[in-house]
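Colleague: A single structure is presented below for examination.
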Amino acid sequence: MSLGTITPIPRSFDEAKTREFYVGFLGFKVDWEHRFEEGTPLYMQVSKDGCVLHITEHFGDCSPGAAVRIVASDVDAYQAELIAKQYKHSRPGVEDMPWGSREMSIKDPSGNRLTFFSNSPEISS
């Protein structure tokens, strides 16, 4: 028996702001999107490298304000890339945590917190 990867599902309330944040700012790409029909809530998959998220506008799929931790090979390089974009809603910083990781937390437009982290060599991912 073994377990596979997980797919977090953050809640979204505004499609345009969500796309601007995940695609324009964080650099994810839209893999696919689904609506049951025109004018109904969006459900889409975005990805960047090995990180995959499903984002939903559907009531009841999940609660807003979720927290997701995402391993980053070099959180400092990613932070520099994001700062260079001069995104008006976020200028994230990186912190050294007492448990040995370097972390950058960013809230999306719906209040979900994404924490990108790199571990020190003595801590495994």
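Colleague: By how many degrees, between 0 and 90 and to the nearest 10, does the Cα long axis of helix 75-84 differ from the longest principal axis of the chain?
Modeller: Rounded to the nearest ten degrees, it is 60.
Colleague: Given a Förster radius of 35 Å and the C-beta distance between residue 17 and residue 99 as r, what FRET efficiency does 1/(1 + (r/R0)^6) yield to the nearest 0.05?
Modeller: Computed FRET efficiency for residue 17 and residue 99: 0.60.
Colleague: If we count every other residue with Cβ under 15 angstrom of residue 109's Cβ, Lys/Arg +1 and Asp/Glu -1, where does the sum land?
Modeller: Result for the neighbourhood of residue 109: +1.
Colleague: Between residue 77 and residue 35, 0.36 nm times their residue separation minus their Cα-Cα distance comes to what?
Modeller: Between residue 77 and residue 35, full extension yields 11.6 nm more.
Colleague: Further, regarding this structure: Please sort 17-23, 99-105, 33-39 by packing, taking for each peptide the average over its residues of neighbouring beta carbons within 10 angstrom, highest first.
Modeller: The peptides rank, most packed first, as 17-23, 99-105, 33-39.
None of the figures in this text is laboratory data; all of them are computed from the coordinates on show. What you are looking at is a predicted structure, and each value in this text was computed from that prediction instead of being measured. Note that we place each Cβ from the backbone using ideal geometry, even for glycine, and neighbour counts take in every protein chain shown.
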